[in-house]
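Read the structure below first, then the notes.
The values are calculated or read from the model by the stated rules, or taken from the named source; none is laboratory data. Note that the structure is predicted; figures quoted are calculated from it, not measured. Backbone-built Cβ (ideal geometry, glycine too); neighbour counts: all protein chains shown.
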């Protein structure tokens with residue numbers, strides 16, 4: 001059989017149904033399809049006399065469904081036709097309520113009829129091997145039952161039916177990894193625009209329902225069994241989507257961040273935070289790879305909190321708004337420090353190799369650490385905490401100093417001692433250490449006052465070593481400056497090729513050329529052959545031709 005949700009609610013979503021006429025047109029389309037299926041399956045009853053006894057649609061058996069899935073499809077479309085009729089009536093009531101009594105009765109009748117057809121479909125698909133098809137049929141039935149209960153103002157039944165639909169939709173949504181698929185879009189659309197508002201409405205009408213998030217609410221009330229025909233779907237989905245956390249675990253519903261206490265209103269969020277923070281083993285990790293799953297857990301908690309905050313963004317209770325803001329800072333604070341600890345372990349692992357080629361990676365990681373500290377300073381509430389903000393400022397300076405020391409060591413390794421000394425001096429002057437360099441402690445002890453003091457002592461030793469190396473290099477250059485080159489195959493880096501301290505003109509005399517000329521032997525010219533004397537007639541003729549050629553200038557004589 002086709003997907004129950006795509007055939008019904010998916011078709012509604014694609015058709016953009018808003019007005020009563022829109023629902024009527026869609027109902028007409030569905031009705032035409034039902035007529036075609038009846039003809040194809042030979043279910044048309046031409047003799048309408050005593051129709052109830054002769055009609056065949058309600059007498060379809062599971063064996064017929066197993067042979068041809070279209071028998072199930074026709075029951076689904078009959079239910080959808082009645083629901084579209086009910087939606088059409090509801091759209092009319094929203095505009096004009098003059099005939100509200102008769103229209104409301106018709107509305108309930110159509111929904112009840114739709115539920116009857118869905119119950120028949122559940123019986124037909126009892127032997128269906130594809131669990132996804134069965135789950136979708138149950139979801140559709142739960143939505144019909146929930147809407148009917150809301151119309152009848154049976155709020156507890158509505159809460160049970162809609163809770164079953166929400167748990168089942170959450171399960172289907174989690175099974176589809178493709179975020180762009182139509183099924184996932186449909187599930188999200190149903191949750192946001194149909195299920196969650198209905199669940200909120202039903203919960204608000206009951207006095208004994210605790211104020212909590214909708215996911216926790218649905219998991220708590222999906223087991224009430226107000227609709228025995230629909231409840232079996234809970235056995236088809238993963239138990240983690242129906243487990244009521246608050247009934248099995250005593251939850252810590254508050255967090256404390258820097259003296260600010262915030263209440264957690266989402267039980268699932270409280271459970272995940274409690275599960276992560278109660279495990280103290282990860283605080284002793286000394287391998288960067290071990291922190292990957294911890295970071296992933298904090299990111300998952302942060303995403304869940306963002307989703308919960310977005311759903312409750314219209315909440316007018318300022319206390320809840322403030323609690324969610326404190327909780328957001330608490331989660332981000334722990335997430336960023338966990339990332340920072342992992343990066344510091346990466347630096348330690350690279351530094352242990354003692355390979356200068358790794359310095360580029362170490363510098364890159366330190367840049368990321370400094371960025372994390374800046375993100376910590378930007379968290380809400382940090383700026384108003386003077387001690388914390390002061391300590392984070394110094395923490396950023398400390399990591400900046402460590403990064404610059406790595407750069408200086410790279411210069412020192414390449415025998416560029418003057419540059420190395422300059423960097424060491426700069427870092428030593430910028431890093432001003434005191435006994436209260438940090439006024440607060442940090443998670444994981446990422447840095448302490450003792451560590452900073454030790455680093456300062458180590459830095460001063462580095463400065464002294466760089467001074468000695470730079471002085472030695474300067475003396476070496478002075479000793480070698482008299483010569484341009486000592487070995488044609490070796491050339492010292494950094495030495496002056498030519499000493500151009502003073503340029504003076506060279507004294508010379510003009511007679512030097514004359515003296516040199518006396519030592520030049522003139523070349524012996526070869527004998528020239530004696531040429532015959534040219535007759536005067538030829539000369540005269542040549543001169544006449546020349547005058548003729550340039551006669552325009554000189555003229556003829």
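Out of (1) touching a helix residue (DSSP H, G or I) at 6+ places or on another chain (Cβ under 8 Å); (2) assigned to a helix (DSSP H, G or I), the odd one out for residue 178 is which?
Failed condition: (2).
Test of understanding: among 311, 243, 235, 272, which residue is assigned by TED's automatic domain parsing to the domain that holds residue 160 and in contact (Cβ under 8 Å) with a residue 12 or more places away in the chain? Don't jump to the end; show me each part of the working.
Details: 311 fails: assigned by TED's automatic domain parsing to the domain that holds residue 160; 235 fails: in contact (Cβ under 8 Å) with a residue 12 or more places away in the chain; 272 fails: assigned by TED's automatic domain parsing to the domain that holds residue 160.
Result of the check over 311, 243, 235, 272: 243.
Please return the ranges of helices (runs of 4 or more DSSP H) entirely within the range 189-302 where 3 or more residues are modelled with pLDDT of 90 or more and surrounded by 17 or more Cβ atoms within 10 Å (Cβ to Cβ). Working first, answer last.
Working: elements: 196-204, 214-221, 245-248, 267-278.
The helices (runs of 4 or more DSSP H) meeting that bar are 196-204.
Which of the numbered conditions does residue 381 fail, given that it passes all the others? Conditions: (1) in contact (Cβ under 8 Å) with a residue 24 or more places away in the chain; (2) surrounded by fewer than 18 Cβ atoms within 10 Å (Cβ to Cβ); (3) outside the structural domain of residue 255 (by TED's automatic domain parsing); (4) assigned to a helix (DSSP H, G or I).
(4)
Let's see how each residue does on (1) at pLDDT 65 or above; (2) out of contact with any strand residue (DSSP E or B) (no Cβ under 7 Å at 6 or more places or on another chain); (3) surrounded by 11 or more Cβ atoms within 10 Å (Cβ to Cβ); (4) within 30 Å of residue 277 (Cα to Cα):
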| residue | (1), (2), (3), (4) |
| --- | --- |
| 446 | yes, yes, yes, yes |
| 456 | yes, yes, yes, no |
| 465 | yes, yes, yes, no |
| 473 | yes, yes, yes, no |
| 477 | no, yes, yes, no |
| 495 | no, yes, yes, no |
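Take residue 399 and decide whether it is surrounded by 21 or more Cβ atoms within 10 Å (Cβ to Cβ) and either more than 36 Å from the chain's Cα centre (by Cα) or assigned by TED's automatic domain parsing to the domain that holds residue 472 (or both).
Working: surrounded by 21 or more Cβ atoms within 10 Å (Cβ to Cβ): yes; either more than 36 Å from the chain's Cα centre (by Cα) or assigned by TED's automatic domain parsing to the domain that holds residue 472 (or both): yes.
Yes: the conditions hold for residue 399.
How many residues does the range 434-462 contain that are free of Cβ contacts under 8 Å to residues at least 12 places away in the same chain, assigned to a helix (DSSP H, G or I) and more than 19 Å from residue 258 (Cβ to Cβ)? Before you say what the answer is, go through the steps one by one.
Of all residues in the range 434-462, those free of Cβ contacts under 8 Å to residues at least 12 places away in the same chain come to 434, 441, 445, 448, 450-451, 454, 457-458, 461.
Next, only the ones that are assigned to a helix (DSSP H, G or I) stay: 445, 450-451, 454, 457-458, 461.
Filter again for more than 19 Å from residue 258 (Cβ to Cβ), leaving 450-451, 454, 457-458, 461.
Summing the residues that are free of Cβ contacts under 8 Å to residues at least 12 places away in the same chain, assigned to a helix (DSSP H, G or I) and more than 19 Å from residue 258 (Cβ to Cβ) in the range 434-462 gives 6.
Can you name the condition, by its number, that residue 363 falls short on among (1) in contact with a helix residue (DSSP H, G or I) (Cβ under 9 Å, 6 or more places away or on another chain); (2) at pLDDT below 90?
(2)
Select from the range 143-169 the residues that are surrounded by fewer than 21 Cβ atoms within 10 Å (Cβ to Cβ) and in a helix (DSSP H, G or I) and write down the one among them that is farthest from the chain's Cα centre (by Cα).
At the first step, the residues of the range 143-169 found to be surrounded by fewer than 21 Cβ atoms within 10 Å (Cβ to Cβ) are 150-157.
After this cut, where a residue has to be in a helix (DSSP H, G or I) as well, the list is 150-151, 155-157.
Working: 150: 39, 151: 42, 155: 40, 156: 39, 157: 40 Å.
My answer is 151.
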